[in-house]
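The values are calculated or read from the model by the stated rules, or taken from the named source; none is laboratory data. The structure displayed is predicted, hence computed values, not measured ones. All Cβ positions, glycine included, derive from the backbone under ideal geometry; neighbour counts span all protein chains shown.
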Amino acid sequence: MKGVIFNALKEMMEEKFGKEKWESVLAKSGIEKETSILATDNILDERIVRIINSICGELKIDLKTAGEAFGEYWMCHYAPKIYSAFFVGANSAKDFLLKMDKVHLMVTQNIEGANPPRFEYEWLNDKTLLMTYKSKRNLMEIFVGLVKGVGKYYKENLDVTSAGHNKVRIIFS
Ligand code: HEM
């Protein structure tokens, strides 16, 4: 997975819980603490999964809570700083979510070895969207946390519920 995900996890942990917590997460994951990573570097998926699991252990939270914390941090703090262009012209959670399949293709198209998640959309009625997450990484909790993070960024009360192993039902208010 791209180094940008590692860097966002690091920034979230250091900002919210302090450098020491992040260093013990790295130690638990078997990663050198000085590790400096470029956004475009490739990191083994297993390493990212190990880090996420170590964060859960260190903070004594479950994967769902960790996904929500990361989703909120990515959407409300990290992505607006480094990917501000993708927010232009997206005026609602609905607009933003509908762009996500193209955005993931776009940000990874020139990066060798990238394997972005893909999304499919199906409207059940004018307020209810089924969004399917397609990735062999199967990070469903992170996906759901990010969808909820989009709602937080746009200050919209999204109703997000599971609709299958790789699908959520999103009701826009
Ligand atoms: C400006 C907004 C966003 C940008 C620029 C962005 C970019 C990225 C990038 C570069 C990766 C790493 C991909 C790779 O290594 O192949 C990634 C991973 C991921 N993104 Fe986003 N993302 C954004 C928002 C979102 C949102 C809103 C969702 C959910 C609806 C989402 C879901 C995911 C998931 C689940 C992964 C983990 C990788 C996987 O499951 O295969 N992202 N994103």
The residue from Leu59, Leu97 that alone is of a type outside the set (S, T, N, Q) and touching a residue at least 60 places away in the same chain (Cβ under 8 Å) is Leu97
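For (1) surrounded by fewer than 16 Cβ atoms within 10 Å (Cβ to Cβ); (2) touching a Leu at 6+ places or on another chain (Cβ under 7 Å); (3) of a type in the set (Val, Ile, Thr), each residue gets a yes or a no:
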position: Lys60; (1), (2), (3): yes, no, no
position: Gly67; (1), (2), (3): no, no, no
position: Trp74; (1), (2), (3): no, yes, no
position: Ala79; (1), (2), (3): no, no, no
position: Tyr83; (1), (2), (3): yes, no, no
position: Phe86; (1), (2), (3): no, no, no
position: Gly89; (1), (2), (3): yes, no, no
position: Asp95; (1), (2), (3): yes, no, no
For Ile51, the lone unmet condition from (1) away from the ligand (no atom under 12 Å from the Cβ); (2) among the aliphatic types (A, V, I, L, M); (3) within 20 Å of Ile61 (Cβ to Cβ); (4) out of contact with any Ser or Thr (no Cβ under 8 Å at 6 or more places or on another chain) is (4)
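Rundown of residues vs (1) within 13 Å of the ligand (Cβ to nearest atom); (2) assigned by TED's automatic domain parsing to the domain that holds Phe143; (3) without any contact (Cβ under 8 Å) to a residue 12 or more places away in the chain; (4) part of a helix (DSSP H, G or I), yes/no style:
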residue	(1), (2), (3), (4)
Leu9	yes, no, no, yes
Ser24	no, no, no, yes
Ile31	no, no, no, no
Ser36	no, no, yes, no
Arg47	yes, no, no, yes
Phe70	yes, no, no, yes
Tyr73	yes, no, no, yes
Gly89 passes all but one of the listed conditions (1) part of a helix (DSSP H, G or I); (2) out of contact with any helix residue (DSSP H, G or I) (no Cβ under 7 Å at 6 or more places or on another chain); (3) within 16 Å of the ligand (Cβ to nearest atom); the exception is number (1)
Across (1) aliphatic (A, V, I, L, M); (2) over 25 Å from Ile170 (Cβ atoms); (3) not assigned by TED's automatic domain parsing to the domain that holds Lys136, Ile52 clears everything bar (2)
Practice problem: Determine, yes or no, whether Lys127 is farther than 23 Å from Met12 by Cβ and crowded, with 16+ Cβ neighbours inside 10 Å. | Solution: no
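Restricting to strands (runs of 3 or more DSSP E) lying wholly in segment 122-173: which have 3 or more residues that are within 14 Å of the ligand (Cβ to nearest atom) and touching a strand residue (DSSP E or B) at 6+ places or on another chain (Cβ under 8 Å)? I'd like the intermediate steps shown before the answer.
On the way: elements: 128-134, 159-162, 167-171.
Qualifying strands (runs of 3 or more DSSP E): 128-134, 167-171.
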Condition set within 11 Å of the ligand (Cβ to nearest atom) and in a loop (DSSP other than H, G, I, E, B), scope segment 101-111, selection nearest to Asn42 (Cα to Cα): answer is Ile111
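Can you tell me how many residues within segment 137-173 are charged (D, E, K, R) and under 15 Å from the mean Cα position of the chain (by Cα)?
Initially, segment 137-173 is screened for residues charged (D, E, K, R), giving 137, 141, 148, 152, 155-156, 159, 167, 169.
Now drop any that are not under 15 Å from the mean Cα position of the chain (by Cα), which leaves 137, 141, 148, 152.
Summing the residues that are charged (D, E, K, R) and under 15 Å from the mean Cα position of the chain (by Cα) in segment 137-173 gives 4.
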